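Presented below is the structure to which this report refers.
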Amino acid sequence: MQDNLARQKGREMFSKGKPVTRSSFYDPHREKQNLFAERMKGHASPAMLAAIKSCHSQVVKVSSEDESRSKVVSVETCGNRFCPYCQARKARRDADEIAYVMGHAKNRGLKVIFLTLTIPNVSGTEASSAVDKINKALKRLLARKAFKRVVKGTIRKIEMTYNEDTGLFHPHVHLVIFVARSYFRSKFYLHTEQFADLWAKAMRLDQVVVHVEAADKAEKELAKYAAKSISYLSSQKVFDVFYQVLKGRQLITFSGVCKGAVKDYKAEAVAIDEVEQEKGIQAMGCNRDSDNDNHFEKVPFTKITTTIWNPITECYDTETREMTPFERRQFNSDNSRRFGRYWSKKLKKKKG
């Protein structure tokens, strides 16, 4: 009741004297978020738990009068790797980076080979050491002469899945290698059996499986989540294994020509972050910024929409109203995103 009164008070403070449109909607992702918060109780500090519970609980979006142009200017996030909301944001960011790197390599005339390297399934107690062994084996594999003389660059990602029927975990690697066009006609060409033999020797195992897949699947597979919430949230015991195994690990790595592309991509990080912020509320039914440069100049932002999670009704409450003259100047200026964060903090403070 106190939360509801505070929320209503905050609305009155910011909506006074302005026509307001209100609505509510249910977001199924919130159930996962609440379950994730429960699973994290034994792993997170009180401050981190509070951040997880408030993640995506408040989003501020501005739009033009006809809503042909819109932009998210503020969204609360916790940044945890296992958070269902932040995981989706991270996957989109990874997809942008991987697409950029692959485009860079292809522009250099390189061809793509997409491999999935697997090992036998392991128990929860063996999962962490299995991933350690995979990382060491990858270094041995890429150092082998058969690889070094043909590979110009790589993107590799470690993932782990869980089989409910067997109770076993399946860590594996998606590996994209870039080779010269001439590779497919050269005497150094490697068949699937040769890739499997090299991987078995690198892992120092007798039984491994290597899949050579279509190159057009590479971007999609690499940008997927390292672990799916439907798996790691299934029970506390399973979550604890995923958390201990994947926490703090670098799951995506680049080598060779891909490293230079990553540097170029990070140099454009500010622009990429703008796009990511605009995508931030997509999971809750809002649109991306759809404007181009000409449209940006012609159509100003005139409306502001605040979306707030209501724990009483377990729905998102949305309020849309016309901006004040001061807000119009600020949100249509070069400092619009900074003002959006300031505005969001002020709203939060008023509510409290």
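The values are calculated or read from the model by the stated rules, or taken from the named source; none is laboratory data. Here the structure is a predicted model, which means the values were calculated and not measured. Heads up, the Cβs are rebuilt from the backbone with ideal geometry, glycines too, and the neighbour counts pull from every protein chain shown. Note: areas computed on protein heavy atoms with side chains; ligands, DNA, RNA excluded. Shrake-Rupley method; radii C 1.70, N 1.55, O 1.52, S 1.80 Å.
In this structure, S182 and R144 have a Cβ-Cβ separation that, at R0 = 22 Å, corresponds to a calculated FRET efficiency of about 0.65. Taken over the alpha carbons of the range 99-222 as equal point scatterers, the Debye sum produces base-10 log I(q)/I(0) values at 0.22 Å⁻¹ of -1.35. Evaluate E = 1/(1 + (r/R0)^6) for A95 and S255, where r is the Cβ-Cβ distance and R0 equals 22 Å; express this FRET efficiency to the nearest 0.05. That pair, A95 with S255, gives E of 0.65. With K and R counted +1 and D and E -1, the other residues having a Cβ less than 12 Å from that of P120 yield a net charge of -1. Extending 7 Å from Cα along the Cβ direction at I312 and again at K201 yields two label points whose distance is 6.9 nm. Ordering 77-87, 144-154, 63-73 by mean Cβ neighbour count within 10 Å, with the highest value first, yields 77-87, 63-73, 144-154.
At R0 = 41 Å, how high is the FRET efficiency between Q244 and V299 if r is their beta carbon distance? Nearest 0.05 is fine. For R0 = 41 Å, the calculated efficiency reads 0.25. Counted by Cβ distance under 13 Å from V131, the other residues give a net charge of +3, where Lys and Arg count +1 and Asp and Glu count -1. Could you work out what % of the accessible surface of the range 107-224 is carbon and sulfur, using a 1.4 angstrom probe and leaving DNA, RNA and ligands out of the count? Here it works out to 47 percent. Mind scanning K71/K220; K139/K259; K106/K217; K106/K220 and naming the pairs with a C-alpha gap bigger than 22 Å? Violating the 22 Å Cα-Cα cut-off are K71/K220.
Full extension of the chain between L49 and D132 yields a length gain of 27.0 nm, computed as 0.36 nm times the residue separation minus the alpha carbon distance.
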